[in-house]
Every structure is written in C-alpha cells, then in structure tokens.
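> Dropping a structure here in structure tokens format, bear with me for questions.
The values are calculated or read from the model by the stated rules, or taken from the named source; none is laboratory data. Predicted, not measured: the structure shown is a model, and the values here were computed from it. Note that we place each Cβ from the backbone using ideal geometry, even for glycine, and neighbour counts take in every protein chain shown. Note: accessible area is taken over every heavy atom of the protein model, side chains too, but ligands, DNA and RNA are not part of it. Shrake-Rupley method; radii C 1.70, N 1.55, O 1.52, S 1.80 Å.
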Amino acid sequence: MSSRILIVGAGLYGATCARELHDAGHRVHVIEQRAQPGGNCATRYVPEADCHEHLHGAHIFHTDSERIWSWVNRFARFNAYVNRVKVRHGDGLYSFPINLFTLYQVFGARTPDEARAALARERQPIAEPANLEEHCLATVGPTLYRLFIEGYTRKQWGCHPSELPAEIIKRIPVRLDFNDNYFNDRWQGIPIGGYAALFDRLLAGIRVDFGVDFLRDRAHWLARYDQVIYTGPIDAFFDHAHGRLEYRSLRFERELLPVADFQGNAVVNYTEAAVPYTRIIEHRHFDLPSPGRNERASHTLITREYPAAGDAGAEPYYPVATAANRARFERYRALADALAPQVHFGGRLAEYRYYDMHQVIGAALAHVQRTLQGQCHRTDALTPSA
C-alpha cells in the first residue's frame, strides 16, 4: 500500500530514505530548511578555482561495507582520493596519523623496532587513566601528546584534555609502518562532480521544497502525512522541554588566493592552542585534478576552520557526550518513542550522535528495510521503527 511520507531534511539520512521509499512506490515529499540539499556534506562548484567547495568542512566518503559502497556507487562515480593529513606545529610539519615516518620525524626512529622502543620510553605508567590527558600520556607519552593532541583538543572542545573523559579518544592510531592513510577502510573517495551531483541523483524525481521550516508549523505537517521522518535536532522538535543538548560548532573562513597551490595538500591540521583555527583545507586537492587542470586555474580556495561554542543559533556539528547530555537525550528519546509509528527520528541530530557518512546510509537503509518488512504484515499504517 502506498503511503504519504514526509521527510524533514535533505541531508544524507533523509535523501537515502527518500530514494528507497520512492523506489518502493511511496509518495515522498522532502522539505529542507536550507537552500540546497546535502546537509553538512553539501558542495558547490567555484569556477575561479576550478574545484568543488566543501561548504561545511571536509567530507571524505569511506567504508568497509561492500553493500554500502555498491549502493552509493549507483548514484555517483568516486575519484581515488586518499586522505593523507599533515600536521603543522610551530615550524614543524609532520605526517599524520602517527606512523613510522612521524616517529622518524619526532624521535629519529628508522625501523619498527626503534619506533616501538621510543614509544616504550615515552609512555607514562598510568594504569587507570582518569581523563583524556592521562589516557594519551599512558598511550603515546608527553611528546606526541603535546605535538598532536593537547592544543588541537583544547580548541576543538573548548576545554583542556584533563577535563574530558578518556573515551572521547577511544583509540589513538599509532602505525609502525609508513602507512599515512587517515582511514583504515577498504573503499574511499569523493564523488566526481562533488556531493551536489550525488544528491541530484539521490533526489531525482522526488518532490523537494527548500527554505521550509518544519518546526514553525509542525502540527500542519504531521496532520497531512502517514509518516514523518525527522532528521533535525531532537531537542528542537520538543521545544527544548528538557533543556538544550550541547554541541560544539564551527566557523568557516574562506579565502580565494591568486596562486595555483597554497599548501600542497587537502588537509593540514594546526595543533598549537595559540593558533585559533584547527585546520586549513584546500579544496582543489579533493578533486584530484586531471593533467593540465592546475595550469587552467588562476586561483585556489582555502577554508580555515574555527571551533566555536554551540550556542543557540550556531550550527550544531559535534555532540558533547557528557553524562548530563546523555541523560538529557534519553528523556527526549522517550518523548520520541511515544510518537512512533507516525514520527521516526533518524540521523546525527535526531539521534544525538556523531555519524560517519557510511554509517548514516547504513542506518537509513536499515530503517527503510524495517518499514518495508512491516508493511508485509500491516496495511493500515507503516510499522514503528526499532
């Protein structure tokens, strides 16, 4: 039975659900508060630099799931971009994540055994780390902690690592070979033509209205549809009845420069606390220019990323996973559960969790699968999501 389904948000979760439900025969309508689809992975073409700008920070697609890689390749061709981050600290420039070349740069270690010995000398004997700082000192020692973690973390989260729980960094990758690929996943890349091209195909043939604020008239929208898939902030849906969930935000400072190449790499992290931004991204390197392309572009586009408090009105990027915030979210989740099956809450803002892009797609596909399986047993309404 065909159902009328409203999807609030044209980001990756909403667009994935829209595509699958539309293809299954449902009448899908997507509304989006912004002026374009894509959520935080939206891109746009910048002719002066002949590249695609990542509007909300760098987004590199990566996954170890053959199923998700095959699914997303239905809608985009991916280039062979590999994320090889560099770190700037003072006058030093380092390979990152920490690998054998990093350990050579810092300690002079030339072999895995020498690197292993250097790390053993550095690590501090803290059996039960009580905070993030102690976890890092016990794992990699003070030199690497101060070079790569302390200042960056202080900027990113707005407090010293000694004030943060150890689980924020569950594992610090240290490689004893020269592998400098930021990700361990089998597949990685960026859509050719940018993420805008991917979302154009995901939403093809589906009604999408932009500049629509669902929360201004939610009663109107809820009354018109059999199911609503809501991907916005869960606390905003309930008018912050239990208080605001805490986020960290970002401010972006873009600059078009009259040079062919500014930093020679897509991502350079600045890990000193005294430098106000956490990284500079140079967008042209994400596109893997073809032969001759660098010569055609007279400018390059860079973006500096400045962490910021997630105050009211700021764009929410990273949930602050303190015990108080987790408890507050559980109260909101109880309110959300009471609205099932008509309203489903999905995606990073509705679930108050950090998702990689492949995880967003996986969660959306799982919801659609549960929905469609439930229809085999119920014809009067869509089944509640788990």
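> Restricted to segment 49-72, and to residues that are in contact with a strand residue (DSSP E or B) (Cβ under 6 Å, 6 or more places away or on another chain) and of a type in the set (A, V, I, L, M), which residue is nearest to S298 (Cα to Cα)?
Among them, the one singled out is A49.
> Can you list the helices (runs of 4 or more DSSP H) lying wholly within segment 270-376 that have 1 or more residues being hydrophobic (A, V, I, L, M, F, W, C)? Quick ask: steps written out before the conclusion?
On the way: elements: 293-296, 323-337, 348-351, 357-375.
Fully inside segment 270-376 and qualifying: 323-337, 348-351, 357-375.
> Scan (1) surrounded by 18 or more Cβ atoms within 10 Å (Cβ to Cβ); (2) among the aliphatic types (A, V, I, L, M); (3) part of a loop (DSSP other than H, G, I, E, B) for the single condition A260 breaks and write down its number.
Unmet condition: (1).
> Considering V30, V46, which residue is crowded, with 16+ Cβ neighbours inside 10 Å, of a type in the set (V, I, T) and within 26 Å of I281 (Cα to Cα)?
Numbers: V30 fails: within 26 Å of I281 (Cα to Cα).
After ruling out the rest, the residue left standing is V46.
> Please go through segment 303-334 and pick out each residue that is buried (at least 16 other Cβ atoms within 10 Å of the Cβ) and more than 22 Å from the chain's Cα centre (by Cα).
Listed by number, the residues that qualify are R328, Y332.
> Just checking, does segment 18-25 include any residue being open to solvent by less than 20 Å² (accessible area, probe 1.4 Å) and at positive phi?
The answer is no; no qualifying residue exists.
> Let me ask another. Give the residue that is nearest to G38 (Cα to Cα), with candidates limited to residues of segment 210-224 that are open to solvent by 80 Å² or more (accessible area, probe 1.4 Å) and over 24 Å from the mean Cα position of the chain (by Cα). Break it down into steps so the answer makes sense when it comes.
We begin by selecting, within segment 210-224, every residue open to solvent by 80 Å² or more (accessible area, probe 1.4 Å); these are 210, 216, 223-224.
Remaining after also requiring over 24 Å from the mean Cα position of the chain (by Cα): 216, 223-224.
Working: R216: 22, A223: 27, R224: 25 Å.
Result: R216.
> In segment 77-96, which residue that is in a loop (DSSP other than H, G, I, E, B) and open to solvent by less than 20 Å² (accessible area, probe 1.4 Å) is farthest from T153 (Cα to Cα)?
So the first thing to find is which residues in segment 77-96 are in a loop (DSSP other than H, G, I, E, B), and the list is 77, 79-84, 90-91.
When the remaining residues are screened for being open to solvent by less than 20 Å² (accessible area, probe 1.4 Å), the result is 81, 83.
Working: Y81: 26, N83: 20 Å.
If we take residues in segment 77-96 being in a loop (DSSP other than H, G, I, E, B) and open to solvent by less than 20 Å² (accessible area, probe 1.4 Å), then Y81 is farthest from T153 (Cα to Cα).
> Restricting to segment 127-156, name every residue that is modelled with pLDDT of 95 or more, over 20 Å from G108 (Cα atoms) and open to solvent by 40 Å² or more (accessible area, probe 1.4 Å).
E133, E134, E150, Y152, R154 - these are the residues of segment 127-156 that are modelled with pLDDT of 95 or more, over 20 Å from G108 (Cα atoms) and open to solvent by 40 Å² or more (accessible area, probe 1.4 Å).
> With the structure loaded, tell me whether D239 is free of Cβ contacts under 8 Å to residues at least 40 places away in the same chain, part of a loop (DSSP other than H, G, I, E, B), open to solvent by 40 Å² or more (accessible area, probe 1.4 Å) and closer than 28 Å to Q188 by Cβ or whether it fails that test.
Judged against the criteria, D239 is not a match.
> Quick one: in segment 49-76, of everything that is assigned to a loop (DSSP other than H, G, I, E, B) and under 21 Å from N181 (Cα atoms), which residue is most open to solvent (accessible area, probe 1.4 Å)? Lay out the reasoning, then the answer.
Filtering segment 49-76 for residues assigned to a loop (DSSP other than H, G, I, E, B) gives 49-50, 56, 58-60, 64-65, 73-76.
Now narrow it down to the ones that are under 21 Å from N181 (Cα atoms): 58-60, 64-65.
Details: A58: 19, H59: 37, I60: 18, D64: 98, S65: 39 Å².
For segment 49-76, the residue satisfying everything is D64.
> Could you check, for segment 358-375, whether at least one of its residues is open to solvent by less than 30 Å² (accessible area, probe 1.4 Å), of a type in the set (S, T, Y) and modelled with pLDDT under 95?
Among the residues of segment 358-375, at least one is open to solvent by less than 30 Å² (accessible area, probe 1.4 Å), of a type in the set (S, T, Y) and modelled with pLDDT under 95, which makes the answer yes.
The rows are residues; the columns are (1) surrounded by fewer than 20 Cβ atoms within 10 Å (Cβ to Cβ); (2) touching a residue at least 60 places away in the same chain (Cβ under 8 Å); (3) among the charged types (D, E, K, R).
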| position | (1), (2), (3) |
| --- | --- |
| L245 | no, yes, no |
| A266 | no, yes, no |
| A274 | yes, yes, no |
| I280 | no, no, no |
| L288 | yes, yes, no |
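> When only residues in segment 97-109 that are out of contact with any helix residue (DSSP H, G or I) (no Cβ under 6 Å at 6 or more places or on another chain) and open to solvent by 20 Å² or more (accessible area, probe 1.4 Å) count, which is farthest from R171 (Cα to Cα)?
Looking at the filtered set, the residue picked out is G108.
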